[in-house]
Amino acid sequence: MRAFYDVKNRNEFADLLKIPRKQLSYVLYIKGINNLYASFEIPKKDGGIRKINAPLEELKVIQRKLAEALYEHKKSKRKNNNISHAFEKDKSIITNAKIHRNKRFVLNIDLEGFFESFHFGRIRGFFLKNKDFLLSEEVATVIAQISCYEGKLPQGAPSSPVITNLICEILDHRISKVAKKYKMNYTRYADDLTFSTNDRKFLDLHVKFYGEISEELIRAGFIINEKKTRLQFRDSRQVVTGLVVNKKINVNRIYYKETRAMAHQLYKHGNFEINGEPATLNQLEGRFSFINQLTWYNNKIDGSKNHFSNLKSRELQYQKFLFYKYFFSNPKPLIVTEGKTDIAYLKSALKNLYNEYPNLITKNSDGTFEFKVSFLKKTKRLRYFLGINLDGGSALNNIYNFFDSKKPAPNYLNYFKSTSNTSPTNPVVLMFDNEIISGREKPIGKFLNHSALDTIKRKTLEKEYMVDVIDNLYLLTVPLIDGKPECDIEDLFEDITISHRIDGKEFTKDNKYDNSKYYGKEMFSKYILNNYSDINFNEFRLVLDNLNNIMNNYKNAFVERV
């Protein structure tokens, strides 16, 4: 792979970024960099306005590739320290804040116009003179042209963060030397510099320390925002990059209360706002996820090992939100299967039989498919908060618990129905292999026992392979075929499909097998996905018919309730 020190001119630089040479020349000299930006303003937390200059797509693509190349170059030089925490892999405001946790003194220094401080000449000069680059004048100039807008580094371009961190490495080194002299910890998060110590003597030395740090910053071409510079003491609330760091790292209580209020507004009215603007479920989940990161970090410090049935209060708020997102306000009918390979089979069957099931899937003019149903992707997050394990039937039992008021889990179904004064808009379908005859030994038997489904509904399930359980929760099993007393989903395939060999190996449904003779469900499911158009899915029709019936039944019931 070509490296920066091999690049001598603009054309070779284009080759390094893997973009056409003509495309780079066109953007630079015909289109013009300054004509490839959209500018807008966003409100700051302190009430001010932040101007964002965002590149248009054709320039953004080049800037992204420049950023990737610079990150790789930095990685090759093993340039990694514990000072800069913004725009760095595996670093965040949390890794930045934890260094200053539980300290006697915390000093914050904020820089004014951080990105704008990096002008064209400064960037060009860096790539010309820095020992890790020493680029030719032509290449250094091209990098400065690509990365600048109106002669300065724009806030909003993907290449800006890595360039600021590269140029600030020398500054960080100089400031770190001053900090060590005064027994201070030092980190930087973009334009936010933080120092902390437990040394009692610092109170007498902080004016002298601040003077030395100011000299280094001014020497590096930065302006200190005196209004945001503050020394924080242990007996007051200490904040680092928005996080409270006194004993544990935590979000500001106001942020948490605002997030809870937004969630309640969503649950009650179906919509909510952030800073007076309509907001989305993803934005709210981002806030809950952020709060949870801190809770998880503190649990780790405390040695706490929480179970989804015994979460802390803030975790319960996130648990409630996740149930709402996936099982109450799900925008499409949701199918939850025992195993992940079941999803591959169902998707393949739908794509093969799409003409027969327009309510479940449609084919677009470009040949792609649009599913009218969704399949639950089991994640570590859902396992932690809702007990939805990555594989197996116990996950479906745990989902059921949140629907049934007789179970010890919170009854979120009733909570959301009461709060919103409405019902879920789409069904949730729990799908099992048909192994009812085995009783409690198999997942479906364990579920039937766990849910205490009444006799009438059990008989309906055995006869029709589907039944409503509670409200929008439905149960679906694989149909019995060829007179078999039990069937799993693989039984719905023809023998010729099941007997297909891959690299001379036979398919086995067993979880443990001889790898030299057999291949398992995961490889088989990939084969099905890749060859869905050539496979006979006739026996899947009853499953798909029942999905259709569930959707229609619930839709009609929903209309009646409304």
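The values are calculated or read from the model by the stated rules, or taken from the named source; none is laboratory data. This is a predicted model, so every value here is computed, not measured. With ideal geometry, Cβ positions are generated from the backbone for all residues, glycine too; neighbour counts draw on all protein chains shown. What goes into the accessible areas is simple: the full protein's heavy atoms, side chains included, and nothing from ligands, DNA or RNA. Shrake-Rupley method; radii C 1.70, N 1.55, O 1.52, S 1.80 Å.
Values computed for the structure shown
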read-out: Selection count where residues are touching a strand residue (DSSP E or B) at 6+ places or on another chain (Cβ under 9 Å) and either modelled with pLDDT of 95 or more or closer than 21 Å to residue 204 by Cβ (or both), scope the stretch 226-238; value: 7
read-out: Selected residue (criterion: most open to solvent (accessible area, probe 1.4 Å)) from residues of the stretch 530-551 that are under 30 Å from residue 470 (Cα atoms) and of a type in the set (S, T, N, Q); value: 549
read-out: Residue within the stretch 392-408 that is free of Cβ contacts under 8 Å to residues at least 60 places away in the same chain, assigned to a loop (DSSP other than H, G, I, E, B), crowded, with 17+ Cβ neighbours inside 10 Å and in contact with a helix residue (DSSP H, G or I) (Cβ under 9 Å, 6 or more places away or on another chain) present; value: yes
read-out: Residue 554 open to solvent by less than 40 Å² (accessible area, probe 1.4 Å) and farther than 23 Å from residue 439 by Cβ; value: yes
read-out: Subset of the stretch 298-316 that is open to solvent by less than 40 Å² (accessible area, probe 1.4 Å) and in a helix (DSSP H, G or I) - its residue that is modelled with the highest pLDDT; value: 315
read-out: Residue satisfying all of: in the stretch 409-431; in a loop (DSSP other than H, G, I, E, B) and not hydroxyl-bearing (Ser, Thr, Tyr); surrounded by the most Cβ atoms within 10 Å (Cβ to Cβ) among these; value: 427
read-out: Count - residues of the stretch 482-529 that are open to solvent by 30 Å² or more (accessible area, probe 1.4 Å), within 33 Å of the chain's Cα centre (by Cα) and not charged (D, E, K, R); value: 4
read-out: Residue satisfying all of: in the stretch 263-296; surrounded by fewer than 17 Cβ atoms within 10 Å (Cβ to Cβ) and at pLDDT below 90; nearest to the chain's Cα centre (by Cα) among these; value: 293
read-out: Among (1) touching a Pro at 6+ places or on another chain (Cβ under 7 Å); (2) open to solvent by 10 Å² or more (accessible area, probe 1.4 Å); (3) within 23 Å of residue 394 (Cα to Cα) - the single one residue 472 does not satisfy; value: (2)
read-out: Residues of the stretch 349-382 that turn out to be open to solvent by 10 Å² or more (accessible area, probe 1.4 Å), in a helix (DSSP H, G or I) and in contact (Cβ under 8 Å) with a residue 24 or more places away in the chain, as a count; value: 4
read-out: The stretch 471-484 residues that are in contact (Cβ under 8 Å) with a residue 60 or more places away in the chain, paired with ones that are open to solvent by 40 Å² or more (accessible area, probe 1.4 Å) (beta carbon under 7 Å, 6 or more apart); value: 474/468; 479/542
read-out: Any hit, the stretch 257-278, residues being touching a residue at least 12 places away in the same chain (Cβ under 8 Å), more than 30 Å from residue 113 (Cβ to Cβ), basic (Lys, Arg) and in a helix (DSSP H, G or I); value: yes
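Per-residue answers, yes or no, for (1) of a type in the set (S, T, N, Q); (2) surrounded by fewer than 19 Cβ atoms within 10 Å (Cβ to Cβ); (3) in contact with a helix residue (DSSP H, G or I) (Cβ under 9 Å, 6 or more places away or on another chain); (4) in a helix (DSSP H, G or I):
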{"site": "154", "(1), (2), (3), (4)": "no, no, yes, no"}
{"site": "170", "(1), (2), (3), (4)": "no, yes, no, yes"}
{"site": "175", "(1), (2), (3), (4)": "no, no, yes, yes"}
{"site": "179", "(1), (2), (3), (4)": "no, no, yes, yes"}
{"site": "195", "(1), (2), (3), (4)": "no, no, yes, no"}
{"site": "200", "(1), (2), (3), (4)": "no, yes, no, no"}
{"site": "207", "(1), (2), (3), (4)": "no, yes, no, yes"}
